[in-house]
Amino acid sequence: MAACKMENLMLIEDKKLWQKSLDVYKDIVELISEQKVSKSKRKVKKEDTLSHLDKWYQEELTKSVLSRDPPHFNSAELCQLMKWKLTRGKFRPRLTDLVKENTEKNVMDITTKAFSLLPNVRKAIEMLTKLKAVGPATASALLCTVAPHVAPFMSDESTQSVPGIGPLNYSLKQYLDYAEALQEKARDLGKSWDAHKVELALWSHHFAMKLKPELLHTETSKEEEEEEERTDAPASKKQKLST
């Protein structure tokens, strides 16, 4: 079994590790969800847990949005998405109040227009940020539901994994640089990948390294094991192997 020794997945080319990081995403979500519940000073309802909210975002929301003609969000979904984003990342209570100030008509009209602008991510983000409490990061979560191949969610952990991205400032420029990097990585990883899956793998890998690194163990082939033995062998042993 091989384990990852580096913390930044973006610097690793091992496709097995990338796939493993993606595969354990739900396990990591569950671990963090349980931690948040245990640390909470009040009783947390099931529908407010990260595991419940993430299942809704990853598996249910896209179907609902795309079932409409034209695709759009309603205000309840926008508020729920904000709850998911703040539960998955840093909680900012002021945003949960601000986002509720968006009218049903505004949410429907602006998300409809934004989605029609795709695949122009820049223009779509600029449109979505007309909504109250919606900056580029929240806008990316909205776009990701309908265009996962070009608009990955801008989580802190995955953004900071991108070499040269600089300190987090949540600007449109930083998001576009980040999205481009994840699109490129998805192309490198193969046809089954998109920018959204790359974000999931980066986020999952980041927290797995902190909470449960053994989840990232991957099967090592006989050839890889022999190569590791040659690399790790003492000088005297290497000399014998080469004779």
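Evaluate the stretch 221-242: report whether one residue or more is in a helix (DSSP H, G or I), hydrophobic (A, V, I, L, M, F, W, C), at pLDDT 95 or above and surrounded by fewer than 18 Cβ atoms within 10 Å (Cβ to Cβ). Don't jump to the end; show me each part of the working.
Taking the stretch 221-242 as the starting set, the residues that turn out to be in a helix (DSSP H, G or I) are 222-232, 235-242.
Next, only the ones that are hydrophobic (A, V, I, L, M, F, W, C) stay: 235, 241.
After this cut, where a residue has to be at pLDDT 95 or above as well, the list is none.
No, because not a single residue in the stretch 221-242 is in a helix (DSSP H, G or I), hydrophobic (A, V, I, L, M, F, W, C), at pLDDT 95 or above and surrounded by fewer than 18 Cβ atoms within 10 Å (Cβ to Cβ).
Can VAL37 be described as part of a helix (DSSP H, G or I) and aliphatic (A, V, I, L, M)?
Values: part of a helix (DSSP H, G or I): yes; aliphatic (A, V, I, L, M): yes.
So VAL37 passes the test.
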note = When the stretch 57-97 is checked residue by residue, the ones that are in contact (Cβ under 8 Å) with a residue 12 or more places away in the chain, surrounded by fewer than 15 Cβ atoms within 10 Å (Cβ to Cβ) and farther than 22 Å from SER40 by Cα are SER64, LEU66, PRO70
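Restricting attention to the stretch 20-29, does a residue exist that is crowded, with 18+ Cβ neighbours inside 10 Å, of a type in the set (Lys, Arg) and in contact with a helix residue (DSSP H, G or I) (Cβ under 7 Å, 6 or more places away or on another chain)?
Pass one, the stretch 20-29, residues crowded, with 18+ Cβ neighbours inside 10 Å: 20-22, 24-25, 28-29.
From the residues that got through so far, the ones that are of a type in the set (Lys, Arg) too are 20.
From the residues that got through so far, the ones that are in contact with a helix residue (DSSP H, G or I) (Cβ under 7 Å, 6 or more places away or on another chain) too are 20.
Taking every residue of the stretch 20-29 in turn, at least one turns out to be crowded, with 18+ Cβ neighbours inside 10 Å, of a type in the set (Lys, Arg) and in contact with a helix residue (DSSP H, G or I) (Cβ under 7 Å, 6 or more places away or on another chain).
What are the residues in the stretch 184-220 that are part of a loop (DSSP other than H, G, I, E, B) and at pLDDT 95 or above, if any? Show your work before the answer.
To start, the set of residues in the stretch 184-220 that are part of a loop (DSSP other than H, G, I, E, B) comprises 190-194, 212, 217, 219-220.
Within the stretch 184-220, GLY190, LYS191, SER192, TRP193, ASP194, LYS212 qualify.
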Cross-chain or 6+ apart pairs with Cβ under 9 Å, the stretch 26-50 first and in contact (Cβ under 8 Å) with a residue 12 or more places away in the chain, then of a type in the set (A, V, I, L, M, F, W, C) and not in a helix (DSSP H, G or I) = LYS36/VAL44; VAL37/VAL44
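Of the residues in the stretch 26-38, how many are under 14 Å from MET209 (Cβ atoms) and not charged (D, E, K, R)?
First pass over the stretch 26-38, keeping only residues under 14 Å from MET209 (Cβ atoms): 27-28, 31-32.
Add one more test, that the residue is not charged (D, E, K, R), and what stays is 28, 31-32.
Of the residues in that region, 3 qualify.
The values are calculated or read from the model by the stated rules, or taken from the named source; none is laboratory data. For clarity, every value in this text was computed on a predicted model and none was experimentally measured. Methodologically, a virtual Cβ is constructed for each residue, glycine included, from the backbone with ideal geometry; neighbour enumeration extends over all protein chains shown.
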